[in-house]
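See below for the structure under consideration.
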Amino acid sequence: MNGTIRFPHLGITLHQVIKTVSVGNLEIACYGIVLATAMVTGLLLVMKVADKTGQKGDDYFDLGMVAIVVSVLCARIYYVVFSWDYYREHLTEIVNLRKGGLAIYGGVIGGVLTVAVFCRIRKMRFWKTLDTAVLGLVWGQALGRWGNFFNREAFGSYTDNLLAMQLPVSDVRTYEVTQEMWQHVTTINGVEYIQVHPTFLYESIWNLVALGILLYLTFRAVKAYEGRVFLSYLFLYGVGRFWIEGLRTDQLLLPGTVIPVSQLLSGILVIAAGACLLWHRAKRN
């Protein structure tokens, strides 16, 4: 592995960007470290918001312990299902998360189902709980995308824009290198680099913007109603993901089609969440 990541138009060159950390004889993937950090800090954020909004942070700690496990499991199942052409030939890799392979929409589905069951057991308000829990989710997404950076994955097609990122061909999965990328391969000091959209960075920034809006709705917005923050998340994230998914070269496709499943789902969520938000707005006016 070369280990270099370059942002040529920004004048940034990062050397020896590692994929794993060695602890004795154990190799720990940076992807996993980033995701674990995202989950823990997201949970702490949710507990803090819960305490400040008259709820019990401890309830959200208990919810988080269950939701994290279920969401990771569902995110993996979602990814494997829509990548079955590969995994049916590599069954032993289904449980290997070291190389990535978690689909956020699968995690969201698992999280919502967990909240529904948890709220029923604890007698908590479902939409209020979603409004609070989703703040940790969007923060986790913003930070978690940097796991893709360390894994050199989830990048987009060729671009020459300001944020263009260059990766050594030897450090990426070759089946994700498109013909257009090969046509624009750059050789620097004997090393071949592809130049791509850093879609992980786009999505991280988009999620941070969404988090700011959702926090505003949580603490400052007037005429609030339960479910508004969660619906706003679905709309905001869906808009950004619809665009970003169209740039990626590792899209999960609907079986038998060339339709990216996450892009289709994003479009549906934008329309559905937008319609609900407009309906509530009209109802209150």
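We did not get these values from a lab; they are worked out from the coordinates using the rules stated. Note that the coordinates shown come from a computational prediction; the quantities given were computed from them, not determined experimentally. Here Cβ is always computed from backbone atoms with ideal geometry, including for glycine, and neighbour counts include all displayed protein chains.
Given their separation in residues at 0.36 nm each and the Cα-Cα distance between them, HIS9 and ASP160 gain 53.5 nm when the chain is fully extended.
Over the chain, Cα pairs under 8 Å with separation of 6+ residues give a relative contact order of 19 percent.
Between VAL209 and THR53, the FRET efficiency estimated from the beta carbon spacing at R0 = 30 angstrom works out to 0.85. Taking Cα atoms only, the orientation of helix 104-122 departs from the longest principal axis of the chain by about 30 degrees.
Here the chain is scanned for trypsin sites (Lys or Arg not before Pro) in DSSP loops (not H, G, I, E, B) that have at most 16 other Cβ atoms within 10 Å, and the longest stretch holding none of them is 224-285.
State the number of lysine pairs found in the chain whose Cα atoms come within less than 18 Å, restricting to pairs 8 or more positions apart or on distinct chains.
Value for the chain: 8.
Using R0 = 35 Å, the C-beta based FRET efficiency linking LEU278 and ASP250 works out to 0.55.
Between the range 258-285 and the range 45-118, the alpha-carbon centres lie 22 Å apart.
Counting helices only, and only those DSSP H runs with n ≥ 4, report the 222 nm mean residue ellipticity of the chain as the sum of -39,500 (n - 2.57) divided by its residues, in deg cm²/dmol to the nearest 500.
Only helices count here, giving -19000 deg cm²/dmol.
The angle between the Cα long axis of helix 228-245 and the longest principal axis of the Cα atoms of the chain comes to about 20 degrees, rounded to the nearest 10.
Relative to the dominant Cα principal axis of the chain, helix 30-52 is inclined by about 20°.
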